[in-house]
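Enquirer: Below is a structure I'd like to ask you about.
Just so it is clear, none of the values below were taken in a lab; they were calculated from the coordinates. What you see is a predicted model; the values in this text were computed from it and never measured. Cβ atoms come from the backbone with ideal geometry, glycine included; neighbour counts cover every protein chain shown.
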């Protein structure tokens with residue numbers, strides 16, 4: 001008798017056809033977390049957080065819903081590339097993620113890549129408002 005196999009991402013006992021993950025979503029979330037390469041807009045945002053001494057977590061899975069770019073306390077920040085996140089299907093998917101995270105008590109904030117690259121002062125002022133820091 002073989003021992004029970006567990007999902008490589010969440011640890012659930014595997015059933016049915018899945019060999020390494022309990023679902024396609026679980027496999028995708030693990031892949032995002034482990035194969036992510038920081039983009040220029042994420043780097044700019046991260047360096048600013050660090051320059052202000054703001055403690056954050058990045059690329060962590062939130063209850064098998066999403067892997068946000070940054071989490072500061074109860075505030076989740078996404079820095080979204082314009083091309084991908086302006087697509088109608090992706091906008092719908094992003095809104096569903098926002099709704100699910102909001103129901104869990106998180107505040108979800110999204111910034112477009114062009115805003116980070118061209119209007120970063122405005123973005124950082126908004127971040128400060130969301131975090132109540134100076």
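Enquirer: To the nearest 10 degrees, how steep is helix 24-35 against the longest Cα principal axis of the chain, on a 0 to 90 scale?
Expert: 50 degrees
Enquirer: Also, I was wondering about something else. At a 10 Å Cβ-Cβ cut-off, how would you order 56, 92, 106, fewest neighbours first?
Expert: Fewest to most other Cβ atoms nearby, the residues stand as 92, 56, 106.
Enquirer: Work out how much length residue 43 to residue 8 would gain on full extension: take 0.36 nm times their residue separation and subtract the Cα-Cα distance, in nm to one decimal.
Expert: Gain on stretching residue 43 to residue 8: 9.8 nm.
Enquirer: Still on this model: Compute the long axis of helix 40-51 from its Cα atoms, compare it with the longest principal axis of the Cα atoms of the chain, and write down the angle in degrees, 0 to 90, nearest 10.
Expert: Between helix and principal axis, roughly 70 degrees.
Enquirer: Here's a follow-up. For Cα pairs less than 8 Å apart in space and 6+ apart in sequence, what is the mean separation divided by the residue count of the chain, i.e. the relative contact order in percent?
Expert: Over the chain, the number comes to 16 percent.
Enquirer: Okay, next question. So what is the calculated 222 nm ellipticity per residue for the chain, using -39500 (n - 2.57) for each DSSP H run with n of 4 or more, over all residues, to the nearest 500 deg cm²/dmol?
Expert: After summing the helix terms and dividing by residue count, I get -13500 deg cm²/dmol.
Enquirer: For all pairs of alpha-carbon atoms in the chain, what percent lies in each bin of width 10 Å, listed from the first bin to the last filled one?
Expert: For the chain, the pair-distance distribution reads 11, 37, 33, 13, 5, 1, 0.
Enquirer: Helix 120-131: angle to the longest alpha-carbon principal axis of the chain, degrees 0 to 90, nearest 10?
Expert: With both axes taken from Cα atoms, the answer is about 60 degrees.
Enquirer: Mind giving me the FRET efficiency for residue 120 and residue 24? R0 is 35 Å, r the Cβ-Cβ distance, nearest 0.05 is fine.
Expert: 0.45
Enquirer: Highest GNM mean-square fluctuation, the chain, Cα pairs closer than 10 Å: which of 77, 21, 45?
Expert: Sorting by GNM fluctuation, first place goes to 21.
Enquirer: Still on this structure: Using 7 Å Cα-to-Cβ label points, what is the residue 93/residue 50 separation (nm, one decimal)?
Expert: Spacing of the two 7 Å Cα→Cβ label points: 2.9 nm.
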